[in-house]
Amino acid sequence: MNAAARARALAGVGRLAQAETAVREGLAETPADAELLGLLAGLRRLQGHYADALEFADAAVTAAPGQSVVHIERAECLLLLARNDEAETAAREAVRLAPDRPEPHRALARCLVLRRAFDEARAAAGRAVAIAPHSVPDLLTLAEVERDAGDRDAARTAAARALAEDPEDAEGRWMIALLDAERLRVRDAMRGLRELASDHPDRYGAAALSWPIRGLLAGLRRGLPVGLPMVIVPALADRLWDPASLLARGAALVMALVTVGLAVRVLLPAGRLPWLCVGLLPTRTRRAIGAGLLAASGSVHLLLWYAVSPHWLTAALAVVAVAALLTAGAVERR
């Protein structure tokens, strides 16, 4: 068994460090081997060393510029380094070199999604599926494109096709759970995630199972800053236009009730498990989630207070609470 085959076998069972050692031993004998350089780039990427991975991918491209696979690996590395334009260029070169292979089209689709060129991304992913209609990775790439484009029905159809090919595929099951979560089918999503966590505890543990809490906070971070000006602007116009106060109080009441309703709809069906899983998260993440929950609760109470008894200080404190929610979210994502 040569170095590349040995490395692939080790990587296939999750022994990435040993696979890397096998590749490096092979490169010691043939330092310009494009296949080994590409493998090493992929292994470094999978271990989170993105800058190193790109260096080896660049070396692989230099060694074999006519091989599509090395351009795909380079595109993957560039995507992880947020160099999206360069990644798209690399993916397009891979497509040019191997237009009849699905992998280049799949890589290009992911690049196009990042610049929200959804029609082009859908076409690229569809081309990959047309070439390999039974390929689980290609079907899941199409599902991801459709989900990002906002067509959850099409995303679910593609994910279901992938699971029909491989019912145990973790990525397909994860996609179905995500789609259930986004449609607030909380019980279905939690059931899927529990099964995933049971089968793959190293990949889908506490972070995945705490999604009802984290997802709720993410939704509030998007919604409250958008709705808050509907309270603040009429509140500031109160002295110039008498009905403005009623508009501000009505907007505050609606925002508070919608927030409470969303929390009830998400957290009650989820049960105790997400709360238990939050306690298993890293300390900084756990504290950020706690701060976010306090800030969200504070903003709801302040909005209700303003709706009952409007005062400029209450509105100002609501702004502070929403700012605290956004800050906690930034800390959590680090």
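The values are calculated or read from the model by the stated rules, or taken from the named source; none is laboratory data. Predicted model, so just to flag it, every value in this text is computed and none were measured. Accessible surface areas use protein heavy atoms only, side chains included; no ligands, DNA or RNA. Shrake-Rupley method; radii C 1.70, N 1.55, O 1.52, S 1.80 Å.
Summary of values
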{"quantity": "Mean separation of Cα contacts under 8 Å (6+ apart) over length of the chain, as relative contact order %", "calculated": "8"}
{"quantity": "Accessible-area ranking of L193, L253, largest first, probe 1.4 Å", "calculated": "L253, L193"}
{"quantity": "Accessible area expressed per residue, the stretch 254-334, with surrounding protein chains retained (probe 1.4 Å, Å²)", "calculated": "56"}
{"quantity": "Under the Karplus curve 6.51 cos²θ - 1.76 cosθ + 1.60, θ = phi - 60°, whole-Hz ³J(HN,Hα) for the stretch 133-142, x wherever Gly or Pro sits", "calculated": "x, 9, 7, 5, x, 5, 5, 6, 5, 4"}
{"quantity": "Average projected area [Cα convex hull, the chain], square nanometres", "calculated": "19.8"}
{"quantity": "Karplus-derived HN-Hα couplings along the stretch 187-198 (A = 6.51, B = -1.76, C = 1.60, θ = phi - 60°), whole Hz, x at Gly and Pro", "calculated": "4, 4, 4, 5, 4, x, 5, 4, 5, 5, 4, 5"}
{"quantity": "Whole-Hz couplings from phi, Karplus 6.51/-1.76/1.60, listed for the stretch 28-36; x for Gly and Pro", "calculated": "4, 8, 10, x, 9, 6, 5, 4, 5"}
